[in-house]
1. Against the definition (out of contact with any Cys (no Cβ under 7 Å at 6 or more places or on another chain), among the polar types (S, T, N, Q) and within 24 Å of Thr166 (Cα to Cα)), how does Thr7 come out, yes or no?
2. I need a count of the residues in segment 107-130 that are of a type in the set (A, V, I, L, M), under 15 Å from Arg162 (Cα atoms) and assigned to a helix (DSSP H, G or I).
3. Which numbered condition in (1) farther than 18 Å from Glu207 by Cα; (2) more than 18 Å from the chain's Cα centre (by Cα); (3) at pLDDT 95 or above is the only one that Gly88 fails?
4. Can you tell me which condition Glu58 does not meet? The list is (1) farther than 22 Å from Gly16 by Cα; (2) in contact with a helix residue (DSSP H, G or I) (Cβ under 6 Å, 6 or more places away or on another chain), and all the others hold.
5. For segment 2-15, which residues satisfy the criterion of being under 12 Å from the mean Cα position of the chain (by Cα) and more than 16 Å from Gly123 (Cβ to Cβ)?
6. Inspect segment 104-115 for any residue being of a type in the set (Val, Ile, Thr), at pLDDT 95 or above and surrounded by fewer than 19 Cβ atoms within 10 Å (Cβ to Cβ) and give the result as yes or no.
7. Please enumerate the residues belonging to segment 116-135 that are surrounded by fewer than 18 Cβ atoms within 10 Å (Cβ to Cβ) and of a type in the set (S, T, N, Q).
8. When you scan segment 22-62, how many residues do you find that are closer than 18 Å to Arg97 by Cβ and free of Cβ contacts under 8 Å to residues at least 12 places away in the same chain?
Amino acid sequence: MKIQGSTALVTGANRGLGLAFSQALLAAGARKVYAAARDPATVRLPGVVPLQLDITREDEIRAAVRECHDLDLLINNAAISQRGGFLGEEALAATRRQFDTNFFGTLAMSQAFAPVLKANGGGALVNMLSVLSWVNMPAIAGYSASKAAAWSLTNGLRNELRAQGTLVVGVHAAFIDTDMASGVPAPKTQPEEVARQVLEAVEAGQEEVFADALTRQVKAGLSANSGVYLRSA
């Protein structure tokens, strides 16, 4: 599909990668960009349509569907990350919170907007995943697990939405220079570069994006002996 003239919805659009997606969509000629955030007052980018949306709230998703009936591109970007392994005192609650947003929120958005995309010709659905879809880092174990589940969700959605002509794009990236990775002392990709690659993939009909060298290296190592997923980063 073409970005120019499209109508897009970006979740978590008030900052970081979501903001970069919104900016890139406008620059590419999108007709309308719904910029969703829990607090729409934090969306300050000129030219977008601020939208109140907490993807863990069914009532707000239903309201978004009513407003965004002209949508043909959904970018599921919103996510949360909390530090800690699986065996800590708060691990169960923290992992549930991350799954609520990163997996169940993405599922709820995809399920709610699939009929909208179908009605508008198929369009595209983009899920922002992670290199941690394939490996688990003990420092953010719950986040890693939630992104692994979101990867499986993305593959399943691709199978189910293919018949209605909806392109499903899974985006894997390592560290992006946003608030979420601010405390990580490692090379980071600029959010604008990730957004550029994703929009190019949508226009090219490409189903996966590996946004940086580390992600491509880990992907290649999955079939190694022993696979990278057996080692902690």
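The values are calculated or read from the model by the stated rules, or taken from the named source; none is laboratory data. What you are looking at is a predicted structure, and each value in this text was computed from that prediction instead of being measured. Positions of Cβ are generated from backbone atoms using ideal geometry, with glycine treated the same way; all protein chains shown enter the neighbour counts.
1. yes
2. Residues flagged as of a type in the set (A, V, I, L, M), under 15 Å from Arg162 (Cα atoms) and assigned to a helix (DSSP H, G or I) within segment 107-130 amount to 4.
3. (3)
4. The number of the failed condition is (2).
5. First pass over segment 2-15, keeping only residues under 12 Å from the mean Cα position of the chain (by Cα): 9-13.
Selection gives Gly12, Ala13.
6. Pass one, segment 104-115, residues of a type in the set (Val, Ile, Thr): 106.
Pick out the ones that are also at pLDDT 95 or above and you get 106.
Next, only the ones that are surrounded by fewer than 19 Cβ atoms within 10 Å (Cβ to Cβ) stay: none.
Checked against the condition, which is being of a type in the set (Val, Ile, Thr), at pLDDT 95 or above and surrounded by fewer than 19 Cβ atoms within 10 Å (Cβ to Cβ), segment 104-115 yields no hits at all.
7. Across segment 116-135, the qualifying residue is only Asn120.
8. Residues that pass the stated criteria total 2.
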